[in-house]
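Read-outs throughout are calculated quantities, based only on the coordinates presented, and are distinct from any laboratory measurement. Computed from a predicted model, the values in this text were never measured in an experiment. FYI the Cβ positions are ideal-geometry reconstructions off the backbone, even for glycines, and counts take in every protein chain you see.
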Amino acid sequence: MNSHGQRFSVFSRWLHWLMAVMVLGMLFLGIGMAASVSERYRLLVAIHRPLGVAILVLVAIRLVNRLLHPPPPLPDSLPRVQRVAATASHGVLYALMFIMPLLGWAMLSAAPYPVVIFGSVQLPPILPQDPVLYALLRKLHTDFAYLLFGVFLAHLGAALLHGLIRRDGVFESMASWGRRPRE
Amino acid sequence: MEKHPDPTANGAPLTGVRAVTRLAAIGAVLLVVAVAFAYTAGWLSPHRLTQAKMMGAFDAVSGTHPGFRRNHAKGLCVTGWFDSNGNAVEWSKAAIFAAGRVPLIGRFALAGGMPAQEDKPATVRSMALRFVPSRGQEWRTGMNNIPVFPVNSAEGFYEQLLASKPDPATGKPNPAAMQEFLVRHPETVRALAVIKNRRVSSGFADSTFNSLDAFRLVNAAGDSVAVRWATIPLQEFAADTIAEGAHPDDNYLFDDLIARIHRQPLRWRLVFTIGEAEDPTNDATVPWPENRRNIDAGLVSIEHAFSEDDGPCADINYDPLVLPAGIDPSDDPLLSARSATYARSFTLRAAEKRKKLSAAVTIQEVRAGGTR
């Protein structure tokens, strides 16, 4: 509950926590994969691609859900700077959840690598072969991964600040599951 | 509890010492996550063998050559066809093996990171093929003209590479370093003995190229068998006759290949060797017994040659894990190692493309039919 005692809808909370695990897992998979020459590399790649597609599908559902069910308002007590930071960082998180899978798909297309999801399930290329463009997209995929990890850390830190120090109900609006207590 | 409500349980913001303690706890949580990320990235483990380290080893041994492959840097593009006879359909459900024609984009190359190295008989020769069926999934494979691979792990490859690094004083590898490597890698000693016993052919056209790594073929019923494969030349074998210490033309192997392709298409049989239960799939240094069943899957015909400067293979990564459903990786650790290393090499050279110098085998040389 925030100061108005409102929470995100149950579906919104489910989507948030499911995607939190997926996105954080994806960041660790990706950074591990890009360093690895070990036997794990093949497995990491085999998980990274379908997981990326799943995130792309889920973030589209999530954006529609957010437009249909707007999040509860932030408490009035929140300073303007923090309010702006919250809005901006949420915008960046949404943007990167769209951009990262699309960048991955686009860079594999430009390389060209077949975009195999699993077995004979394969996505069509979304760009023609272009090695210079591939190199650029590949670099952006890494750079944006660092940015996403940084924004994730800020998001986690802010959530814990709300929950443990400010205690203004913002943390609970996403992270409480019990019956709604009476006001 | 009713009488002494916990001040942390109500909605008032915390201040003072409790706030500071909790702030420190939040900082600790963030630090743990960040350290885990850095660990996963390998930033905290300088001894871990990473893709970047592998690239560094190639640069240390061969120098930096922007835009070129870090290994098998000197090469020639070719195109042609794979005419499948349908024999492999029983073993693999990949569309490529249905009877019919599949276009090929191939590459012949010499092992080593120097794009302008002299052609020498004993240098490992490679044939890479990309099968691009009009329907169904593509397949890429890189094969070498040696019967087994000298190492069976990424670490072995890396250490062997560093042991072969030329000593700046002599320009030659340090024999003590190689000796020290071989003492720790008896599998390499055994593999090198097998490799030394091979009969070296006169050129690319009469070389047999081997997958070295094992894979698995999976048929429509889901049955899977371990395989290795080879391309076996229909061109008659002629033994290498270049005398020790002789200096033929720097491009003599490639020029001979170009001249022969200009005369008539060169052809290889694509042959799968079916492994038995006791044949190792995770150790490319060990040969499989000679008496294994072979499946002739069809003919590889190479019809046209191109310099890498304008050829269709230059921007292809012959990643051994680009496989159609119906060809699965085995448990060979080299497959992941090769895939990861090739991918990093490809990313680097794609970014360096504008700085790339001309290939050693030039456009004019190919047009002139292998003379310069």
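Worth a mention:
- The value of relative contact order for segment A:1-86, using C-alpha pairs under 8 Å at least six residues apart, is 48 percent.
- Of interest is the spacing of the C-alpha centroids, which for segment B:25-44 and segment B:55-82 amounts to 37 Å.
- Viscosity 1.567 mPa s, 4 °C: Kirkwood-radius Stokes-Einstein D of segment B:49-367 over Cα pairs, µm²/s: 64
- Sites B:Ala239 and B:Thr362 - FRET efficiency at Förster radius 25 Å, r taken between beta-carbons, to 0.05: 0.30
- Each label point was placed 7 Å from the Cα along the Cα-to-Cβ direction; for B:Gln117 and A:Leu102 their separation is 4.4 nm.
- Least to most buried among B:Tyr318, B:Tyr158 (fewest other Cβ within 10 Å first): B:Tyr158, B:Tyr318
- Long-range amide H partners of B:Thr50 with built H, under 5 Å: none
- Distance between the 7 Å Cα→Cβ label points at A:Trp17 and A:Val81: 3.3 nm.
- Listed pairs B:Lys172/B:Lys196; B:Lys74/B:Lys172; B:Lys74/B:Lys356; B:Lys53/B:Lys196 exceeding 22 Å between Cα atoms: B:Lys53/B:Lys196
- Counting neighbouring Cβ atoms within 10 Å and putting the fewest first, the residues B:Glu236, B:Glu290 line up as B:Glu290, B:Glu236.
- Amide H to amide H, with H built 1.01 Å from N, A:Val115 comes under 5 Å of A:Leu123, counting only residues 5 or more places away or on other chains.
- Across chain A, Cα pairs under 8 Å and at least six residues apart give a relative contact order of 31 percent.
- Angle in degrees between helix A:131-161 and the longest Cα principal axis of chain A, rounded to the nearest 10: 20
- To the nearest ten degrees, helix B:154-163 and the longest principal axis of the Cα atoms of chain B are 70 degrees apart.
- Rg to Rh quotient for segment A:24-183, alpha carbon positions, Kirkwood Rh: 1.05
- Mean projected area (nm²) of the alpha-carbon convex hull when the protein assembly as shown is viewed from all directions: 32.7
- With contacts taken as Cα pairs under 8 Å and at least 6 residues apart, segment B:36-173 reaches a relative contact order of 22 percent.
- Degrees, to the nearest 10: A:80-110 long Cα axis against longest axis of chain A: 20
- Per-residue HN-Hα couplings for segment B:37-51 [Karplus 6.51, -1.76, 1.60; θ = phi - 60°; Hz; x = Gly/Pro]: 5, 4, 5, 4, 6, x, 5, 9, 10, x, 8, 6, 7, 10, 4
- Per-residue [θ]222 nm for the protein assembly as shown (sum of -39500 (n - 2.57) over DSSP H runs n ≥ 4, rounded to 500): -13500 deg cm²/dmol
- Residue-wise HN-Hα couplings along segment B:335-345, as the Karplus relation 6.51 cos²θ - 1.76 cosθ + 1.60 with θ = phi - 60° gives them from phi, are 5, 4, 4, 5, 4, 5, 5, 4, 4, 5, 4 Hz; Gly and Pro carry x.
- Shown in residue order for segment A:49-58 are the 3J(HN,Hα) couplings computed by the Karplus curve 6.51 cos²θ - 1.76 cosθ + 1.60 at θ = phi - 60°: 5, x, 5, x, 5, 4, 5, 4, 5, 5 Hz (x for Gly and Pro).
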